[in-house]
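Peer 1: Submitted below is the structure of interest, expressed as structure tokens.
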Amino acid sequence: MKERLVEDDDQEDFHPDETTENGNVSTLPENTGLTGDRSLGPDDTYIVSTVQPGIYSGFTPNYGTTNTDGRPRGGVWTRKQVFGIDENKERGNWTGRFEYLLSMLGYAVGLGNIWRFPYLCYRHGGGAFLVPYLLFMTFVGIPLFFLESSLAQFTSCGPTTCWSFAPLFQGLGITMMISSFITSGYYCMIIAWCVFYFFASFTSELPWSTCDQHWNTEDCSHRLPDVQCTDINETRYSNGTCYNDASFTGLWNYSLYQNITGRQRVAPTKEYWENYVLNVGEGIETTGKPEWRLVLCLLLSWTLVFLCLIKGIKSAGKVVYFTAIFPYIILVLLFFRGVVLSNAWDGIKYYITPDFNKLSNVAIWKAAAVQIFYSMGPAWGGIIALSSYNRFHNNILRDSLIVSLGNCMTSIFGGFVIFSYVGHMAAQLKVSVDHVADDGPGLAFIIYPEAIQSLPGPAFWSVIFFFMLITLGLDSLFASVEALLTGLQDIMPKFREKKTLAIFIICVIFFLLGLPFTTRSGIYWVTLIDFYGAAWGVLLTGLLEVIAIAHVYGVNRFCSDIETMIGPWLTWYWKCCWFAITPAGTLFILLYSWIKYEPVEYNDYHYPGWATGLGWLISLSAITATPIVMIYKLVTSHRKGHSLFQTIKILLVPTRDWGPALIQHRQLVKHVPGFVLNPAEESHSSEFGYQNMSEPALSNINGSTEQETVA
């Protein structure tokens with residue numbers, strides 16, 4: 001069936017002899033790979049229409065070829081792509097023009113942009129924190145993001161199968177899947193907490209606004225008000241309390257009360273969070289039964305994930321039009337409401353005031369690097385999974401820059417939003433901003449609920465805030481679960497026909513594994529797994545993958561591969577990053593994390609030794625997948641008469657099926673002599689199956705041959 005198309009006005013990419021006079025009918029070159037009932041030929045024409053927008057993706061047949069005299073032929077490159085039909089019939093592609101971009105933006109912009117970045121910026125020198133943050137984003141975050149997305153788009157493979165350029169590194173994909181598996185479970189529990197608060201906000205009086213509930217204690221702040229204690233019937237006591245006859249009226253000296261009694265005021269929002277929502281126990285050993293309210297919220301969260309991913313990217317691509325855009329609408333509303341609050345600018349001033357003296361502290365550089373690494377999401381598998389469904393000629397450089405810069409700007413803007421409320425709350429509590437600022441769950445479930453209590457219509461602002469957190473969390477979780485689904489489908493393609501069943505099984509398993517998070521020790525488990533789950537595994541994976549691409553496969557060849565997809569582009573900056581700067585920056589993060597390692601804590605609770613040991617075991621479960629797969633590859637690929645070094649060298653050469661998934665795209669690879677155009681049909685005379693190497697070349701494997709040199 002022919003698709004009705006509309007051309008992209010910002011491109012001047014068709015050769016003059018390939019367009020009609022009126023520009024409304026375009027002739028497609030041969031071997032486009034766009035198939036309906038038959039193969040398309042050069043006489044097939046497509047009518048411009050606004051009903052089904054789409055653009056043809058490909059090169060004119062003569063692109064990259066030369067005449068006999070060496071002069072380049074007139075073929076030109078074109079980025080015109082067709083949307084509405086799948087370019088890759090087997091795996092599928094994103095349906096709409098913006099689905100991939102919004103999905104990646106939703107993946108990169110998550111809860112950490114709202115509740116972690118502002119706190120880090122305040123804690124590490126305010127505006128000065130932006131210096132290391134922007135540097136690491138420029139030289140580590142964006143290059144890794146672009147590397148993974150380009151690799152996936154070039155191969156149309158997920159995290160488990162995109163390593164055919166050097167099969168020895170295939171374990172990196174398994175590590176990515178394990179990392180995503182570990183984090184997805186507890187991440188959905190955080191979404192479940194947001195769901196809990198979301199439904200709790202549908203009331204005329206927010207349940208955490210008073211100290212009159214059954215979960216409140218005698219230390220609830222509203223029960224310890226400040227008083228003058230100067231009436232004739234009032235008596236001041238040496239511990240700072242004030243009584244009217246036998247009735248307690250408040251505190252006349254809070255500092256004295258703290259020093260003598262050792263007690264302090266507790267915000268009602270904190271008691272609601274710890275005593276009611278979590279019903280937190282004394283430690284990780286205090287488990288108890290699952291809290292039924294949290295179980296229902298967790299079930300609803302995974303149900304939402306299942307419904308949104310029920311058809312894989314086809315359904316998720318539609319959902320992201322809402323889940324990726326809606327948080328920005330809410331952030332803008334919260335910003336304009338927050339900046340007009342009293343003392344809001346005191347909080348913003350604390351947030352942005354630079355303290356450049358802190359730049360001499362290595363901790364600020366480490367904090368910036370880690371925030372970039374985790375907020376942009378390289379080495380988790382999500383980037384590779386989502387990018388693998390792109391059309392071959394999608395402008396992946398443009399999309400990577402948009403997502404990276406969008407992630408950065410969202411973090412900075414989110415800081416203005418959050419700290420406007422923090423400044424207001426500090427004034428309400430009569431404390432300085434540094435006594436209010438917090439990160440993680442403390443900011444989302446204690447600080448912000450406390451701040452909105454003084455707003456007109458607090459229930460409304462609470463509803464939209466937690467709904468925003470839910471959408472932010474779901475977007476990031478979609479990519480993590482999709483990474484698992486894509487990885488499994490690439491290993492076992494038969495599951496592509498049973499995608500709904502596969503995602504249902506994944507969600508059910510995650511729900512069951514998440515039940516311990518709903519117990520009284522749930523917050524301790526979430527904190528433990530968040531700290532150890534994939535911390536070093538992700539950093540090590542990022543380091544190894546950039547080394548594998550730049551130093552093993554060859555940075556020059558990889559840049560040429562990208563040129564095959566997007567056309568001529570400036571490569572010097574990316575080559576410098578991938579070859580030296582990005583590995584060095586990632587290695588710095590990794591080494592500093594090891595050198596400055598301290599056991600995890602939750603508030604003042606110190607985990608027992610067995611819990612810390614379990615955390616290390618969880619961390620190693622992801623890291624060890626890479627060397628285990630390497631050993632497996634060496635054992636199964638060993639050939640009689642070959643040394644270990646020879647086998648390793650063979651496993652660092654691209655396999656015969658490495659490259660674009662479709663033949664019409666493999667035909668565009670002009671920069672690799674002897675590149676296999678159709679691996680399925682062009683079989684070797686032996687079992688040996690690596691590109692650019694023939695059976696006789698094995699005898700010279702210890703040396704470097706022209707056939708082996710692919711970079």
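Peer 1: Going by the conditions given, is A580 among the aliphatic types (A, V, I, L, M), within 30 Å of S400 (Cα to Cα) and not assigned by TED's automatic domain parsing to the domain that holds V538?
Peer 2: no
Peer 1: I would also like to ask the following. Inside the stretch 624-662, can you point out the residues that are among the β-branched types (V, I, T) and touching a Leu at 6+ places or on another chain (Cβ under 6 Å)?
Peer 2: Matches in the stretch 624-662: T626, T647.
Peer 1: How many residues does the stretch 222-245 hold that are in a strand (DSSP E or B), touching a helix residue (DSSP H, G or I) at 6+ places or on another chain (Cβ under 8 Å) and of a type outside the set (D, E)?
Peer 2: Matching residues across the stretch 222-245 total 1.
Peer 1: Does the stretch 410-436 hold any residues that are among the hydrophobic types (A, V, I, L, M, F, W, C) and modelled with pLDDT of 90 or more, and which are they?
Peer 2: Selection gives I412, F413, F416, V417.
Peer 1: K311 versus (1) in contact with a Leu (Cβ under 6 Å, 6 or more places away or on another chain); (2) not in a helix (DSSP H, G or I): which is the lone unmet condition?
Peer 2: Only one criterion in (1) in contact with a Leu (Cβ under 6 Å, 6 or more places away or on another chain); (2) not in a helix (DSSP H, G or I) is unmet by K311, namely (1).
Peer 1: To continue, here is another question. Give just the number: which of (1) among the hydroxyl-bearing types (S, T, Y); (2) surrounded by fewer than 24 Cβ atoms within 10 Å (Cβ to Cβ); (3) touching a residue at least 24 places away in the same chain (Cβ under 8 Å); (4) farther than 25 Å from M104 by Cβ does S432 not satisfy?
Peer 2: (3)
Peer 1: Assuming I418 fulfils every condition listed in (1) within 30 Å of Y100 (Cβ to Cβ); (2) surrounded by fewer than 17 Cβ atoms within 10 Å (Cβ to Cβ) apart from one, which condition is it?
Peer 2: All conditions are met except number (2).
Peer 1: Next question, about the same structure. Output the number of the condition that I284 fails; it satisfies all remaining conditions of (1) at negative phi; (2) in the same structural domain as A200 (by TED's automatic domain parsing); (3) surrounded by fewer than 16 Cβ atoms within 10 Å (Cβ to Cβ).
Peer 2: (3)
Peer 1: If R520 meets every condition in (1) over 30 Å from G609 (Cβ atoms); (2) surrounded by fewer than 23 Cβ atoms within 10 Å (Cβ to Cβ) apart from one, which number is that one?
Peer 2: Condition (1) is where R520 drops out.
Peer 1: Would you point out which residue out of H606, H638 is free of Cβ contacts under 8 Å to residues at least 24 places away in the same chain, in contact with a Ser or Thr (Cβ under 8 Å, 6 or more places away or on another chain) and either assigned by TED's automatic domain parsing to the domain that holds V526 or not basic (K, R) (or both)?
Peer 2: H638
Peer 1: Go through L341, L333 for me and flag whichever is part of a helix (DSSP H, G or I) and farther than 16 Å from R116 by Cα.
Peer 2: Only one candidate passes the filter, namely L333.
Peer 1: Mind listing whichever residues of the stretch 175-221 are polar (S, T, N, Q) and in a loop (DSSP other than H, G, I, E, B)?
Peer 2: S201, T203, S204, S209, T210, Q213, N216, T217
Peer 1: I would also like to ask the following. For I491, state whether it is out of contact with any Asp or Glu (no Cβ under 6 Å at 6 or more places or on another chain) and modelled with pLDDT of 95 or more.
Peer 2: No.
Peer 1: Considering each residue of the stretch 621-676, count those that are in a loop (DSSP other than H, G, I, E, B) and surrounded by 13 or more Cβ atoms within 10 Å (Cβ to Cβ), and give that number.
Peer 2: 22
Peer 1: Here are some residues: L130, L144, L172. Which one is in a helix (DSSP H, G or I), closer than 17 Å to L485 by Cα and touching a Pro at 6+ places or on another chain (Cβ under 9 Å)?
Peer 2: L172
Peer 1: V546 fails exactly one of the following numbered conditions: (1) within 26 Å of L620 (Cα to Cα); (2) not in a helix (DSSP H, G or I). What is the number of that condition?
Peer 2: (2)
Peer 1: Right, next: Considering only residues of the stretch 596-620 that are assigned to a loop (DSSP other than H, G, I, E, B) and at pLDDT below 90, which is farthest from G171 (Cα to Cα)?
Peer 2: Checking each candidate, the answer is D604.
Peer 1: Could you list all residues from the stretch 249-287 that are over 18 Å from W215 (Cβ atoms), aromatic (F, W, Y) and part of a helix (DSSP H, G or I)?
Peer 2: Y254, Y257
Peer 1: Tell me, yes or no, whether the stretch 589-596 has at least one residue that is surrounded by 15 or more Cβ atoms within 10 Å (Cβ to Cβ), in the same structural domain as F181 (by TED's automatic domain parsing), of a type in the set (G, A, S) and at positive phi.
Peer 2: No: zero hits.
Peer 1: So which residues in the stretch 147-169 are outside any helix (DSSP H, G or I), hydrophobic (A, V, I, L, M, F, W, C) and under 20 Å from the mean Cα position of the chain (by Cα)?
Peer 2: C157, C162
Table: residues versus (1) surrounded by 24 or more Cβ atoms within 10 Å (Cβ to Cβ); (2) closer than 29 Å to F511 by Cα; (3) at pLDDT 95 or above; (4) in contact with a strand residue (DSSP E or B) (Cβ under 6 Å, 6 or more places away or on another chain).
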position	(1), (2), (3), (4)
F154	yes, no, yes, no
L172	yes, yes, yes, no
Y186	no, yes, no, no
F198	no, yes, yes, no
H222	no, no, no, no
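Peer 1: Still on this structure: Within the stretch 253-281, can you find the residues that are of a type in the set (G, A, S), touching a residue at least 12 places away in the same chain (Cβ under 8 Å) and either surrounded by fewer than 15 Cβ atoms within 10 Å (Cβ to Cβ) or under 30 Å from Y237 (Cα atoms) (or both)?
Peer 2: Once the filter is applied, which keeps residues that are of a type in the set (G, A, S), touching a residue at least 12 places away in the same chain (Cβ under 8 Å) and either surrounded by fewer than 15 Cβ atoms within 10 Å (Cβ to Cβ) or under 30 Å from Y237 (Cα atoms) (or both), the stretch 253-281 yields S255, A267.
Peer 1: I would also like to ask the following. V463 passes all but one of (1) more than 21 Å from C297 (Cβ to Cβ); (2) surrounded by fewer than 24 Cβ atoms within 10 Å (Cβ to Cβ); (3) not hydroxyl-bearing (S, T, Y); which number fails?
Peer 2: Unmet for V463, out of (1) more than 21 Å from C297 (Cβ to Cβ); (2) surrounded by fewer than 24 Cβ atoms within 10 Å (Cβ to Cβ); (3) not hydroxyl-bearing (S, T, Y): (1).
Peer 1: Does the stretch 288-301 contain at least one residue that is of a type in the set (D, E), part of a helix (DSSP H, G or I) and surrounded by 19 or more Cβ atoms within 10 Å (Cβ to Cβ)?
Peer 2: Among the residues of the stretch 288-301, not one is of a type in the set (D, E), part of a helix (DSSP H, G or I) and surrounded by 19 or more Cβ atoms within 10 Å (Cβ to Cβ), which makes the answer no.
Peer 1: Among the residues of the stretch 517-527, is any hydrophobic (A, V, I, L, M, F, W, C), touching a helix residue (DSSP H, G or I) at 6+ places or on another chain (Cβ under 6 Å) and farther than 30 Å from Y607 by Cα?
Peer 2: Checking the stretch 517-527: not a single residue is hydrophobic (A, V, I, L, M, F, W, C), touching a helix residue (DSSP H, G or I) at 6+ places or on another chain (Cβ under 6 Å) and farther than 30 Å from Y607 by Cα.
The values are calculated or read from the model by the stated rules, or taken from the named source; none is laboratory data. Everything quoted here is computed from the prediction, not taken from an experiment. Virtual Cβ from ideal backbone geometry, glycine too; neighbours counted across all protein chains shown.
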